[in-house]
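FYI, it's all coordinate maths here, none of it is from the lab. Nothing here was measured: the structure is a model prediction, and the numbers come from that model.
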């Protein structure tokens, strides 16, 4: 299997896993779904909601950059890194993203130090993958025309705002440390 095909498969399976985890959590736990906000102030929730939508839209702006503008064979031969690294970065984003909501609902139901740390770890890994994709887009600027690059950059910046700033830093600072009974 070539690396471009692998990217498509990673995005289909990973995307379905993320969406499935959200559907499972939000539909399966209506009594505690408000708890996933942690201590985020009401005044910030509309910004979060808007940012989630722009991050999702951003994903659909930067992913075509990798799929259609970057030639995996040329990249593998000339660097600065291989196309498979990009696939690993997507895995670093998608796998933890699919785990976040189930882990958060488990934390709400059975608080523990381990789960509290694990939720933070999956958000940190997602942020690292997201930052890696930002780095890749900046490094691979020459692989796309100006419009393709700027759309990809705009998309990854919106995605990073959500995954790196709001999720990994702000949300975790507002999510209370569990006090197991």
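Measuring from centroid to centroid over Cα atoms, what is the spacing of region 135-158 and region 49-90 in Å?
9
Using only Cα atoms and rounding to the nearest 10 degrees, what angle (0 to 90) does helix 45-64 make with the longest principal axis of the chain?
Approximately 30 degrees, to the nearest 10.
Which percent of the Cα-Cα distances in region 1-99 go past 16 Å?
Tail of P(r) above 16 Å: 66 percent of Cα pairs.
Normalised by the residues of the chain, what does the relative contact order come to in percent, with Cα pairs under 8 Å and at least six apart?
Reported relative contact order: 36 percent.
Could you work out the mean projected area of the convex hull around the alpha carbons of the chain, in square nanometres to one decimal?
10.8
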